[in-house]
Amino acid sequence: MAVARVLLGTALLGAYLSLLPSYDAVLAPDGLLGGTFHAQVPGPTIGRSTTQNLRWLQHATDPLLVATLYGVLLVACAAFTVGYRTRIAGVVALLLHVAFHGRNEFVFWGWAEMLTAFTLYVLLAPSGRGLGVDAWRQRRSDADDATMAAWPLRLLQIHVSLVYVVAAWSRLDNPHWLDG
């Protein structure tokens, strides 16, 4: 699970760092679907129903607030990746990732929803026990610390398996997927 933590943290950090050059256009309040847009265009919020309760950041009009949250997200992703205060950093990174995904879900496509669940599974496991600053600081060398509960890993495995089952079923159920 420590390896999964490093990989997920790296993916989140890399994704949000890649948005830095286009921050003003896609994440800032004046950007696409930002708070300024929603202040000028009344009506229902644009997006899928699965994220409708997570769109509070979409209505934020204060550029300093959004920029600060973006900076905190980058720091939390970096801390989660290197295993520094793993649980706290992971929870902050997950919550802010969900907020920014709800802010403009069209920037993230489908990967953001998958990383949300996987990050939660890694947070449920003691993923800070290895490959990180927390493990180094506590110098975990006891035999008891080398083991962990298997259920967070099983949740991750079941989730990935179900993704493949659903994808396979949609193809078996409709052979026209080969036509594009």
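The values are calculated or read from the model by the stated rules, or taken from the named source; none is laboratory data. As the structure is a computational prediction, the values presented were derived from the model and not from experiment. So basically every Cβ, Gly included, is an ideal-geometry build from the backbone, and we count neighbours across all protein chains shown. These area figures cover heavy atoms from the full protein model, side chains too; ligands, DNA and RNA do not enter into them. Shrake-Rupley method; radii C 1.70, N 1.55, O 1.52, S 1.80 Å.
Of everything in region 21-50 that is at pLDDT below 65 and open to solvent by 70 Å² or more (accessible area, probe 1.4 Å), the residue that is farthest from residue 74 (Cα to Cα) is 44.
A single entry from 92, 166, 98 fulfils the requirement of being more than 14 Å from residue 12 (Cβ to Cβ) and assigned to a helix (DSSP H, G or I): 166. Among what's in region 101-125 and is closer than 25 Å to residue 161 by Cβ and not in a helix (DSSP H, G or I), pick the residue that is most open to solvent (accessible area, probe 1.4 Å). Result: 109. Quick check, is residue 164 out of contact with any strand residue (DSSP E or B) (no Cβ under 9 Å at 6 or more places or on another chain), open to solvent by less than 60 Å² (accessible area, probe 1.4 Å) and modelled with pLDDT of 80 or more? No, not satisfied. For the residues 91, 72, the requirement of being modelled with pLDDT of 90 or more, open to solvent by 40 Å² or more (accessible area, probe 1.4 Å), closer than 17 Å to residue 4 by Cβ and in contact with a Leu (Cβ under 8 Å, 6 or more places away or on another chain) singles out 91.
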